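Data first, discussion second: the structure below is written as structure tokens.
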Amino acid sequence: MSDRTAAWCLLTEFTQSESLRKHALAVEACMRAYARKFSADEDLWGAVGLLHDFDYDKYPSAQEHPYKGNEILKGRRYPDEIRRGIM
């Protein structure tokens, strides 16, 4: 399974809202475009964009989002770069 596929599976596991899924896809596309423009890692920044709100449906409060998501990503061994990018 590709990293992109794993990120999409995580997003859909936690995000039931179709509009929030569309938002994640749009942010992913923007992040990939900026990464390409600035010669950065498109896959890394695409994952940051795709996952930046993955926890929002379950943890929408300012006290929990994105902190709960960061804990989940850490538990699933996502790289620190992705977690820092989201934070």
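The values are calculated or read from the model by the stated rules, or taken from the named source; none is laboratory data. Worth saying up front: this structure is predicted, and the values here are computed from it rather than measured. For neighbour counting, all protein chains shown are included, and Cβ atoms are generated from backbone atoms with ideal geometry for every residue, glycine included. Side chains are part of the model used for accessible areas, which takes the heavy atoms of the whole protein and leaves out ligands, DNA and RNA. Shrake-Rupley method; radii C 1.70, N 1.55, O 1.52, S 1.80 Å.
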Hits in the range 16-30 (condition: farther than 16 Å from GLY85 by Cβ, open to solvent by 70 Å² or more (accessible area, probe 1.4 Å) and assigned to a helix (DSSP H, G or I)): GLU18, SER19, LYS22, HIS23
Residue match in the range 33-42 (condition: open to solvent by less than 40 Å² (accessible area, probe 1.4 Å), part of a helix (DSSP H, G or I) and without any contact (Cβ under 8 Å) to a residue 60 or more places away in the chain): yes
Yes/no for GLU64 being open to solvent by 50 Å² or more (accessible area, probe 1.4 Å), acidic (Asp, Glu), in a helix (DSSP H, G or I) and farther than 12 Å from ALA7 by Cβ: no
Residue selected from the range 1-28 under the condition over 12 Å from the mean Cα position of the chain (by Cα) and charged (D, E, K, R), by the criterion farthest from PRO79 (Cα to Cα): GLU18
Some residue of the range 52-59 being under 21 Å from SER2 (Cβ atoms), assigned to a helix (DSSP H, G or I) and open to solvent by less than 30 Å² (accessible area, probe 1.4 Å): no
Breaking point among (1) open to solvent by 30 Å² or more (accessible area, probe 1.4 Å); (2) part of a helix (DSSP H, G or I); (3) touching a Pro at 6+ places or on another chain (Cβ under 9 Å), for ALA6: (3)
